[in-house]
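The values are calculated or read from the model by the stated rules, or taken from the named source; none is laboratory data. All values derive from a computational prediction rather than experimental measurement. Every residue, glycine as well, gets a Cβ built from its backbone with ideal geometry; the counts of neighbours run over all protein chains shown. Keep in mind that these areas ignore ligands, DNA and RNA; they rest on the heavy atoms of the full protein, side chains included. Shrake-Rupley method; radii C 1.70, N 1.55, O 1.52, S 1.80 Å.
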Amino acid sequence: MQTHHGTPSPARRAAALLAAAPILLTAACAAGPGATSPEGAADPSGAAPASDSSPASAEQTGPSGTPDASIPANETMTGLSNERGVAIGRLGEEMRFEDGDGKAVAGVTVERMRVVDSCPDGAAPENGHFLVLDLDAWHDDAAGSRPIRLAADQWSYYSPEGERSDAALDTDAARSCDIGDDFEGPDGEDFEDERIKDELGPDDDDEDGFLVLDVPAAEGSVVLTDLDEEAVDWPFPQ
């Protein structure tokens, strides 16, 4: 799929909203067999845009343009989503929000993730495990665009069976965990050594950083919520 933002690389173009505009959540990935471009695509449902507080619709495929059979999901007209209709995020894929004109105005990419039993500085999790995310995010500088929150209090945990946990992922342990500058992902690449900002706005063109979530189990999925609606579901480990 093509990206709509010209500055960062395709792995850095993700999704966003305008405060007063309808939204469309899409995944941008390298074009491959079966991949399609969201540019100019009409709403598959045929429904008129509702409001900025409406759930985003997802358009996504796997890296090759086909669903990944290892993830429980539904293949729909708009791409890959879970049983709740929430877009499934994959490592390195840009999840971006577009305004009503199809213009990408912000986004986030999970480059890598790692589950640990304790923080490298020795801190122990309160819920059972730490899930560390290496994030690459950006925000357009368009006037009137609203901030997007990436703080741990915007995330929730689901078990592999799809049950939502009431556990808060933004514990004191998670907020105080410092992974240092030699924290490696499963791919052997180092995580960013600075924590991602809690909130991105028009003044934040391109931001990288890590985020620590205090999760109840070593597998499952974490969901980023925006405007009180579930936006993207990232299964882990992956």
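Inside segment 70-96, residues that are assigned to a strand (DSSP E or B), under 23 Å from D134 (Cβ atoms) and either modelled with pLDDT of 90 or more or touching an Asp or Glu at 6+ places or on another chain (Cβ under 8 Å) (or both) make up a count of 4. Within segment 215-238, residues that are under 16 Å from D134 (Cβ atoms) and outside any strand (DSSP E or B) have Cβ atoms under 8 Å from residues that are open to solvent by less than 10 Å² (accessible area, probe 1.4 Å) and of a type outside the set (D, E) in these pairs: P237/M113; Q238/M113, counting only partners at least 6 apart in sequence or on another chain. D172 falls short of the stated requirement of being at pLDDT below 95 and farther than 12 Å from L135 by Cβ. E189 meets each of the listed conditions (1) more than 27 Å from V86 (Cα to Cα); (2) at pLDDT below 95; (3) out of contact with any strand residue (DSSP E or B) (no Cβ under 8 Å at 6 or more places or on another chain); (4) of a type outside the set (S, T, Y) apart from (3). The residue that is surrounded by the fewest Cβ atoms within 10 Å (Cβ to Cβ), counting only those in segment 97-118 that are part of a loop (DSSP other than H, G, I, E, B) and modelled with pLDDT of 95 or more, is D117. Regarding P125, is this residue in contact with a strand residue (DSSP E or B) (Cβ under 7 Å, 6 or more places away or on another chain), closer than 19 Å to F210 by Cα, part of a loop (DSSP other than H, G, I, E, B) and open to solvent by 10 Å² or more (accessible area, probe 1.4 Å)? Judged against the criteria, P125 is a match. Entry remark, segment 128-165: residues being part of a loop (DSSP other than H, G, I, E, B) and within 30 Å of K103 (Cα to Cα) number 10 in total. Please state which one of G144, G209, G185 is surrounded by 17 or more Cβ atoms within 10 Å (Cβ to Cβ), among the small types (G, A, S) and out of contact with any Cys (no Cβ under 7 Å at 6 or more places or on another chain). The unique qualifying residue is G209. Consider S145 carefully, then state whether it is of a type outside the set (K, R), at pLDDT 95 or above and in contact with a Leu (Cβ under 8 Å, 6 or more places away or on another chain). No: the conditions fail for S145. State yes or no: is R164 over 19 Å from Q238 (Cβ atoms) and modelled with pLDDT under 95? So R164 does not fit the description; no.
Tell me yes or no: at least one residue of segment 168-182 is open to solvent by 60 Å² or more (accessible area, probe 1.4 Å), polar (S, T, N, Q) and not in a strand (DSSP E or B). Yes: one or more hits.
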